[in-house]
Amino acid sequence: MKQNIFIYLFISLLLTTCAIAKSVNYSFQDNKNSLHPQFLIYHDSETTSKLYFQIFTEDVLYSRTNVSEKFSSKIKLQFVAYNDTHKEIIDSGSFVISNNYLKNKKLKIDTNFSFLFPKSQTGFIEINVMDINRNREFNKTIKIDKLNKYNRQFYILRDTNNQLLYDDFFFKGQSIFIQSEFNIQRLFAKNINTSFPLSPPPFSKSYQPIFKSNNSGCKELSFNAQKSIPYLLPDEGFVFFQLDTLSNQGFTLFNFQEGYPNLINADQLIPPLRYLTTKEEFASLVSNSDSKQAVDHYWLSKASSKERAKNLIRIYYSRVEFANKLFSCHLEGWKTDRGIISIIFGSPSYVTNNRNSETWIYGDENNMNSLKFIFENKMNPFSTNDFILKRNYAYKNPWYRAVDSWRNGKVYLLQ
């Protein structure tokens, strides 16, 4: 069997899963029963906003009591919208989404609902999603900003097939439509071509990048009579949409790589290996003209068997894709501080968060010997999802212990 069979197996069989409990709980275990919903907030009037909800049907359990009935799923969705102080409930609700099929089920379940939220206020919405048939839950808290019209919640983005863009990344040559219900006359689109480095190890005091507004072009876009703007996204870089080019505020769409957030070819498997490799090993991987062969050889050299190599490939790159889906900002998710920790150390045992930080704990929550990482939300003109690790030299030994485990052919999971 050829060595590059492992790469093909990874690309065809890779599963990325997560289970989230309470406000935040990142899980990297291979669990087909996990829920992966997506949410989008859009301010559609001065008194109400909409929450769009989407989930893949493969994540939901369908059942029936006899062969003559249709398969049926039931999802219960509950929400509570608060003001900024979290003391006043502005709106709340609960409803059940049912979906049925006899032979072929659709790919996704989509719905949306309106909730009360006044203009010129900020706050939060707490969402609970339950797969009733399986008794599995997903919880998420989303910040609501109905004060600053530069943020993306004042705009709804769709592709040429009228599909909503839930994510902040796009693909080469993609066309979109930007719509707003508020009296906004124009937007400015800056094409940014700045390249940012990946995060250094957690014990490093390396310099963090400063965000510059270097751009290769700025276009003025006007809303038409239908309150919409058609826009062709560039082939390279990312686009920063602003109301005022003299400010440092707006919302961004990123163009990272083909197939993002997934890894769809062997060339994309090499960069995330930088966390495990020496400079010489990484240079050898990059310079190899056959990426499939290079990646196969690397993992086979670390594992004691082909089966273990296949398992290492599946789990390591599952973590990379998971990081891309959750932690993307101006960087690919795997390059971020939360990405690097989640890939190397695996699932945190506990996660707590407040408005400006997340704390990840590996081990018992109240044990002094547990490993703790604190990530602080960084002011970033391009993203609200940028969290920087409070680095500490004490992380050096745990870091190298985890890296050595991977290099010795063992999946590292600190609990």
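Cross-link reach is defined here as a Cα-Cα straight distance under 15 Å, omitting same-chain residues fewer than 8 places apart; for Lys205 the aspartates and glutamates meeting it are Asp337.
Summarised in one figure, the compactness ratio Rg/Rh of the stretch 84-193, Cα atoms and Kirkwood Rh, is 1.00. For the chain, adding -39500 (n - 2.57) for each run of n ≥ 4 DSSP H residues and dividing by the number of residues yields -5500 deg cm²/dmol at 222 nm. Arranged from fewest to most other beta-carbon atoms within 10 Å of their beta carbon, Trp360, Trp334, Trp399 become Trp399, Trp360, Trp334. Think of each Lys and Arg Cβ as +1 and each Asp and Glu Cβ as -1; about the Cα centre, that makes the dipole of the stretch 44-145 roughly 580 debye. Taking other C-beta atoms within 10 angstrom as a stand-in for reagent exposure, Met379, Met130 fall in the order Met379, Met130, fewest first. Legend: distances between Cα atoms for Lys108/Lys390; Lys172/Lys292; Lys106/Lys219; Lys105/Lys325; Lys74/Lys149; Lys119/Lys227; pairs beyond 30 Å are Lys108/Lys390; Lys106/Lys219; Lys74/Lys149.
In a simple Cβ point-charge model (Lys, Arg +1; Asp, Glu -1; nothing else charged), the chain has a dipole of about 640 debye relative to its Cα centre. Extents of the stretch 149-255, taken as max minus min of Cα coordinates on every principal axis and listed largest first, are 53, 31, 24 Å. Which of rounded, prolate, oblate describes the stretch 252-311, given a ≥ b ≥ c as roots of the alpha-carbon gyration tensor eigenvalues and a/c under 1.5 marking rounded, otherwise prolate only if a/b is larger than b/c? The shape class here is prolate. Alpha-carbon geometry of the stretch 44-145: the Rg and the Dmax are 16.2, 53 Å, given in that order. Pairs of Cα atoms nearer than 8 Å and 6+ residues apart set the relative contact order; for the chain it is 15 percent. Remark: the stretch 149-255 carries a charge dipole of roughly 200 debye about the Cα centre, counting +1 on each Lys and Arg Cβ and -1 on each Asp and Glu Cβ. Ordering Arg338, Arg152 by the number of other Cβ atoms within 10 Å of each residue's own Cβ, fewest first, gives Arg152, Arg338.
Quick note: the coordinates plus some simple rules give every number you see, no bench work behind them. Bear in mind that the values here come from a model prediction, so they are computed numbers and not experimental data. Note: ideal-geometry Cβ built from the backbone for every residue, glycine included; neighbour counts use all protein chains shown.
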